[in-house]
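Participant: This is the structure I want to talk about, given as structure tokens.
The values are calculated or read from the model by the stated rules, or taken from the named source; none is laboratory data. Since the model is a prediction, treat every value here as computed from it, not as a measurement. Because the Cβ atoms are built from the backbone with ideal geometry, glycine has one as well, and the counts that use them run over all protein chains shown.
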Amino acid sequence: MGKDRNLTILEYFEKLQIEYFICEIRRKIYPSPVDKRYYKKVMLMKKQKIDDISQRNNLDSIFTNDEVRIDFQKRVYPDVGMPKFDLTEQDIKYYYLEDTDVRVSGEKGILGKITKADLEGYIVFVKPKGVSKDKPFPLKDVTRIL
């Protein structure tokens, strides 16, 4: 998310909370136990810093106020499609990983599993629950269930 050197304390505080949820998503989508441990560790460090700033300045945070938590989650977690932050190629690959549970937006709100992803073609093949054959859907309509 860029450099933090010229941010005010309040801007830094908000950025830390957004970054906390970015790490949370990455911890959930990355399949490697090493990556999961890394993001869990980063989340803990960010939580400590958020708590410190919150206590010193008497500010509500994602850990002290449910409304604040929901607001920041909405800034990062997707309603439909991909998360709302700058994703790396690896993030996108793992977000649309084969055999993950997804929701497809549209007329029926289909739930199913990814059978394959053509990321260059912006297509994900999903096998809807109760159906024997997979179907192609645009990436923008497929949301991973986290």
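Participant: Can you name every residue in the range 47-69 that is of a type in the set (S, T, N, Q), surrounded by 12 or more Cβ atoms within 10 Å (Cβ to Cβ) and in a helix (DSSP H, G or I)? Reasoning before the result, please.
Facilitator: Initial filter on the range 47-69 (of a type in the set (S, T, N, Q)): 48, 54-55, 57-58, 61, 64-65.
Checking which are surrounded by 12 or more Cβ atoms within 10 Å (Cβ to Cβ) leaves us with 54, 61, 64-65.
Result: SER54, single match.
Participant: Can you tell me which of PHE21, PHE85, PHE72 is outside any loop (DSSP other than H, G, I, E, B), aromatic (Phe, Trp, Tyr), at pLDDT 95 or above and closer than 30 Å to LYS127 by Cβ? Lay out the reasoning, then the answer.
Facilitator: Numbers: PHE85 fails: outside any loop (DSSP other than H, G, I, E, B); PHE72 fails: closer than 30 Å to LYS127 by Cβ.
So the residue among PHE21, PHE85, PHE72 that is outside any loop (DSSP other than H, G, I, E, B), aromatic (Phe, Trp, Tyr), at pLDDT 95 or above and closer than 30 Å to LYS127 by Cβ is PHE21.
Participant: Okay, moving on. Name the residue, out of TYR122, TYR77, TYR38, TYR94, that is of a type outside the set (A, V, I, L, M, F, W, C) and over 21 Å from CYS23 (Cα atoms). Before the answer, list the steps.
Facilitator: Details: TYR77 fails: over 21 Å from CYS23 (Cα atoms); TYR38 fails: over 21 Å from CYS23 (Cα atoms); TYR94 fails: over 21 Å from CYS23 (Cα atoms).
Just a single option satisfies the conditions, and that option is TYR122.
Participant: Pairs under 8 Å by beta carbon, first residue of a type outside the set (Val, Ile, Thr) in the range 122-146, partner in a helix (DSSP H, G or I), six or more apart or different chains?
Facilitator: Cβ pairs passing all conditions: TYR122/LEU139; TYR122/LYS140; ARG144/ILE29; ARG144/TYR95; LEU146/ILE25; LEU146/LYS28; LEU146/ILE29.
Participant: For the subset of the range 92-117 comprising residues that are in contact with a Pro (Cβ under 8 Å, 6 or more places away or on another chain) and part of a strand (DSSP E or B), which member is nearest to PRO78 (Cα to Cα)?
Facilitator: VAL104
Participant: Taking ASP35 as meeting all but one of (1) under 30 Å from THR8 (Cβ atoms); (2) in a helix (DSSP H, G or I), write down the number of the exception.
Facilitator: (1)
Participant: Which condition does PRO78 not pass, out of (1) modelled with pLDDT under 95; (2) loosely packed, with under 15 Cβ neighbours inside 10 Å, if it passes all the others?
Facilitator: Failing condition for PRO78: (2).
Participant: Here is a follow-up. What's the number of the condition ARG27 fails, among (1) buried (at least 16 other Cβ atoms within 10 Å of the Cβ); (2) over 15 Å from LEU146 (Cα atoms); (3) not β-branched (Val, Ile, Thr)?
Facilitator: (2)
Participant: Can you tell me how many residues in the range 96-114 are loosely packed, with under 15 Cβ neighbours inside 10 Å and over 17 Å from TYR30 (Cα atoms)?
Facilitator: Residues flagged as loosely packed, with under 15 Cβ neighbours inside 10 Å and over 17 Å from TYR30 (Cα atoms) within the range 96-114 amount to 5.
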